[in-house]
Amino acid sequence: MNTVLDKVVVVTGASSGIGMAIAEKLSEHGARVVLGARREERLRELVGRLPGPAAYRTTDVTRREDIEALARTALDRFGRLDAWVNNAGVMPLSLLELDKVEEWERTVDVNVKGVLWGIHAALGHMLERGGGHFVNISSVGGLKVMPTAAVYCGTKYAVRAIGEGLRMETAGRVRVTTIYPGAVTSELTHGISVPEARQAMDAFIDMAIPAEAIADGVLYALSQPENVTVSDLVIRPARQEF
């Protein structure tokens with residue numbers, strides 16, 4: 001198995017939860033990480049305590065220009081881009097009949113467009129260099145639809161489809177991994193505005209595994225030899241049924 005030593009890896013949604021755990025894990029193993037999220041104070045604190053070289057840029061993944069600037073930060077600081085982790089996501093759950101169209105729009109903008117903007121910002125450079133790796137964080141909701149989660153699951157199915165299409169189109173040149181987390185300790189439930197949906201999810205989260213479990217999956221995928229692609233990883237609590 002290769003290592004991530006000296007690889008330059010961009011991670012979005014890095015100010016908390018899974019993104020923060022990924023940044024910590026990769027830095028501990030020698031990667032040079034470039035972190036994007038909206039909360040600059042948290043990014044600054046995280047970069048200040050990581051053991052290896054790191055940089056950050058305040059980033060709203062719904063803004064294409066922000067993602068492009070994040071890619072430039074990586075190139076300006078470290079000279080190349082080896083991997084891009086599309087992690088930023090939101091999960092506002094509600095029944096469709098409640099017609100929360102603003103939440104739908106936000107979910108699509110973050111969970112789908114944010115992934116596309118990451119691919120846009122990094123793919124050309126990777127193809128020019130002759131190699132690279134995208135890791136897209138989907139969800140078990142990208143494998144199974146649940147009530148109150150139609151829009152969320154739809155976006156996570158989209159992440160799955162986009163990643164598989166990218167893998168097929170760039171086979172032998174760029175590697176693509178899609179990771180499907182189950183219940184994980186994170187701030188995702190904070191965005192649920194419907195009390196009943198949030199209470200149901202809070203009960204579900206009682207079985208949650210730590211975000212480090214997903215970070216271990218990312219490390220595993222990025223550490224494979226160049227001729228090996230880990231295409232899909234489902235990582236969930238042992239007692240989670242779906």
Checklist outcome for this item: Filtered hits (lysines, Cα-Cα < 27 Å from Lys144, offset >= 8 within chain) -> Lys100, Lys113, Lys156
Checklist entry - What FRET efficiency would be calculated for the residue pair Asn227, Glu45, taking the C-beta separation as r and a Förster radius of 41 Å, to the nearest 0.05? => result 0.60
Next on the checklist: Taking R0 as 25 Å, what FRET efficiency do you get between Glu28 and Asn2 from their Cβ-Cβ distance, rounded to the nearest 0.05?
Outcome noted: 0.95
Checklist outcome for this item: Neighbours of Val140 by Cβ distance under 12 Å: Lys/Arg at +1, Asp/Glu at -1, summed charge +2
Checklist outcome for this item: In nm², the average projected area of the convex hull spanned by the Cα atoms of the chain is 12.1
Item to check | the chain - mean residue ellipticity at 222 nm from DSSP helices (-39,500 (n - 2.57) per run, n ≥ 4, rounded to 500) | outcome: -13500 deg cm²/dmol
Item to check | Packing-based order for 66-77, 145-156, using average beta carbon neighbours within 10 Å, highest first | outcome: 145-156, 66-77
Checklist entry - How do 158-164, 11-17, 38-44 rank on mean C-beta neighbours within 10 Å, highest first? => result 11-17, 158-164, 38-44
Next on the checklist: Please compute the modelled spin-label separation between Glu68 and Asp99, points set 7 Å along Cα→Cβ, answer in nm with one decimal.
Outcome noted: 3.7
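Rounded to the nearest 5, what % of the DSSP beta bridges within the chain are antiparallel ones?
Rounded to the nearest five, the antiparallel share is 0 percent.
Want the number for Gln240 to Ala150: 0.36 nm per residue separation, take away the alpha-carbon distance, what's left?
30.4 nm
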Item to check | Counted charge near Arg49, where neighbours are those whose Cβ lies closer than 15 Å (Asp, Glu -1; Lys, Arg +1) | outcome: -1
Next on the checklist: Between segment 52-74 and segment 105-161, what is the separation of their alpha carbon centroids in Å?
Outcome noted: 17
Next on the checklist: For a quick check of your reading of the filter: which GluC sites (Glu not before Pro) in segment 211-242 sit in a DSSP loop and have no more than 15 other Cβ atoms within 10 Å?
Outcome noted: Glu226, Glu241
Checklist outcome for this item: To the nearest 10 degrees, the tilt of helix 150-169 (Cα long axis) against the first principal axis of the alpha carbons of the chain is 30
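Values in this text are rule-based calculations from the coordinates and carry no lab data. This is a predicted model, so every value here is computed, not measured. With ideal geometry, Cβ positions are generated from the backbone for all residues, glycine too; neighbour counts draw on all protein chains shown.
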